[in-house]
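Remarks on the structure that follows.
The values are calculated or read from the model by the stated rules, or taken from the named source; none is laboratory data. For clarity, every value in this text was computed on a predicted model and none was experimentally measured. No Cβ is skipped: glycine too gets one built from the backbone with ideal geometry, and neighbour counts run over all protein chains shown. These area figures cover heavy atoms from the full protein model, side chains too; ligands, DNA and RNA do not enter into them. Shrake-Rupley method; radii C 1.70, N 1.55, O 1.52, S 1.80 Å.
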Amino acid sequence: MAVEQTLSIIKPDGIQKNLIGEIYGRFEKAGLEVVAARMLHLSKDQAEGFYAVHSERPFFNDLVSYMTSGPVMISVLSGDEAVIKHRDLMGATNPADADSGTIRADFAMSIEENICHGSDATETAAVEINYFFGDDGVCPRTR
Ligand code: ADP
Ligand code: MG
């Protein structure tokens, strides 16, 4: 199995619900390691840039408002098959479709306010990690 890195964001509703430890615990139990982390209150420009791929979608303005409504916890996770493993832990985008026991099924309110973000492929992970961490701040794997 390949060791990968992926970008994780606990969105404003996850912070509001005080779920950082709960969510990090799930990552750690699944064998993922937090190798970088920062809490940020995103500016409109930062949120729009991060979600630029969705700029033509009808929900884009609402998504940017939501993502800038409070602080977020941004992390880089490392581990075997980290991208898909993290997506599996999150569950489907719409919590109504998410498997039970996933983060979104357990905590999300709606398809928009869905607690967490995870990169969808190794290529997008590299772009997203660079967006928030540049070349610095990601620690080498410790185990
Ligand atoms: P994911 O976060 O599962 O990769 P997408 O990349 O498709 O999902 O969408 C990015 C984010 O935009 C979602 O996590 C969610 O917050 C929001 N979103 C997606 N689809 C919708 C929708 N139909 N209505 C409102 N918000 C949406
Ligand atoms: Mg996505």
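What to note about this one:
- Enumeration of residues in segment 64-86 that are surrounded by fewer than 17 Cβ atoms within 10 Å (Cβ to Cβ) and within 16 Å of ligand 2 (Cβ to nearest atom): Ile84
- Scanning segment 122-143 for residues that are open to solvent by 100 Å² or more (accessible area, probe 1.4 Å) and either farther than 24 Å from Met1 by Cα or away from ligand 1 (no atom under 15 Å from the Cβ) (or both) yields Asp135, Asp136, Pro140, Arg141, Thr142, Arg143.
- Among the residues of segment 97-121, just one is hydroxyl-bearing (Ser, Thr, Tyr) and within 14 Å of ligand 2 (Cβ to nearest atom), namely Ser119.
- If you filter segment 4-27 down to residues that are in a loop (DSSP other than H, G, I, E, B) and not aliphatic (A, V, I, L, M), you find that the one that is farthest from ligand 2 (Cβ to nearest atom) is Asn18.
- Filtering segment 18-37 to residues that are open to solvent by less than 50 Å² (accessible area, probe 1.4 Å) and acidic (Asp, Glu) leaves only Glu33.
- Boolean, Gln46 is farther than 24 Å from Ala105 by Cα and touching a Ser or Thr at 6+ places or on another chain (Cβ under 9 Å): yes
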